[in-house]
Amino acid sequence: MGRDPSDQEGKVSELSFDELYALYATDVLRVSYYYLGDRQRAEDVTQDVFIRYLQNRPALVSGREKSWLLKVALNRCRDLWRSSWLKKVVLGHPAFELFPADDEIGRAADSIALAESVSRLPAEFKDVVLLHYYQGYGVSEIAEMLGIAEGTVSSRLSRARGRLSKELKGE
């Protein structure tokens with residue numbers, strides 16, 4: 001079942017490496033940092049993602065470049081997460097860049113608690129939470145990106161919210 005070459009959605013991206021890097025390096029770094037909780041490791045993952053792009057030169061679909069880059073980043077983060085090095089690291093320090101500066105101590109503490117809770121989620125839940133809430137992807141986009149059913153994405157989001165709610169309430 002091939003796509004019609006005139007179909008705009010199936011058009012191959014014409015962005016150069018420099019353009020891709022300028023547009024998406026910060027997003028890749030943030031997702032990686034949020035996933036791993038370590039700036040240096042997140043920078044390494046970001047570098048790996050763009051090196052893999054240069055080595056493989058995949059034909060990215062126009063408008064879906066960010067999806068490919070984030071999928072590769074999440075896979076690399078998962079690999080590092082499983083490594084013995086990361087299992088020894090205490091995650092959730094307050095230096096997360098994803099949260100805006102907040103003058104209210106209570107709100108800042110809530111943000112840190114949420115970040116720590118998200119970092120402790122199993123990879124399958126963490127992936128969908130990061131893509132949905134921190135990158136703004138919809139359920140169907142996440143399903144396509146991760147190669148899973150939309151119902152599975154919805155279910156994982158629901159279960160992740162449940163786990164986060166219980167943990168944040170101290171249950």
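The values are calculated or read from the model by the stated rules, or taken from the named source; none is laboratory data. What you are looking at is a predicted structure, and each value in this text was computed from that prediction instead of being measured. Here Cβ is always computed from backbone atoms with ideal geometry, including for glycine, and neighbour counts include all displayed protein chains.
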Scan region 33-64 residue by residue and report those that are modelled with pLDDT of 90 or more and under 14 Å from Leu130 (Cα atoms).
none
Return the residue satisfying two criteria in turn: it lies in region 153-171 and is surrounded by 13 or more Cβ atoms within 10 Å (Cβ to Cβ) and more than 17 Å from the chain's Cα centre (by Cα), and of such residues it is farthest from Leu114 (Cα to Cα).
Ser155
Any idea which residue in region 128-145 is surrounded by the most Cβ atoms within 10 Å (Cβ to Cβ), counting only those that are at pLDDT 90 or above and closer than 15 Å to Ala73 by Cα?
Val128
Between residues in region 152-167 that are over 10 Å from Val129 (Cβ atoms) and residues that are aliphatic (A, V, I, L, M), which pairs lie under 6 Å by C-beta distance while being six or more apart or on different chains?
Val153/Val128; Val153/Val139; Val153/Ile142; Val153/Ala143; Ser154/Val139
Any residue at all in region 13-28 that is more than 22 Å from Pro122 (Cα to Cα), crowded, with 19+ Cβ neighbours inside 10 Å, under 15 Å from the mean Cα position of the chain (by Cα) and assigned by TED's automatic domain parsing to the domain that holds Arg78?
yes
From Trp68, Trp85, which residue is assigned by TED's automatic domain parsing to the domain that holds Val28 and at pLDDT below 75?
Trp85
The one condition in (1) basic (Lys, Arg); (2) part of a helix (DSSP H, G or I); (3) at pLDDT below 80 that Arg3 fails to fulfil:
(2)
For region 148-171, enumerate the residues that are at pLDDT 90 or above and outside any helix (DSSP H, G or I).
Ile148, Ala149
Could you check region 29-43 and list, in sequence order, the residues that are surrounded by fewer than 19 Cβ atoms within 10 Å (Cβ to Cβ) and within 18 Å of Asp18 (Cα to Cα)?
Glu43
Exactly one of (1) over 19 Å from Tyr137 (Cα atoms); (2) touching a residue at least 24 places away in the same chain (Cβ under 8 Å) is unmet by Arg52. Its number?
(2)
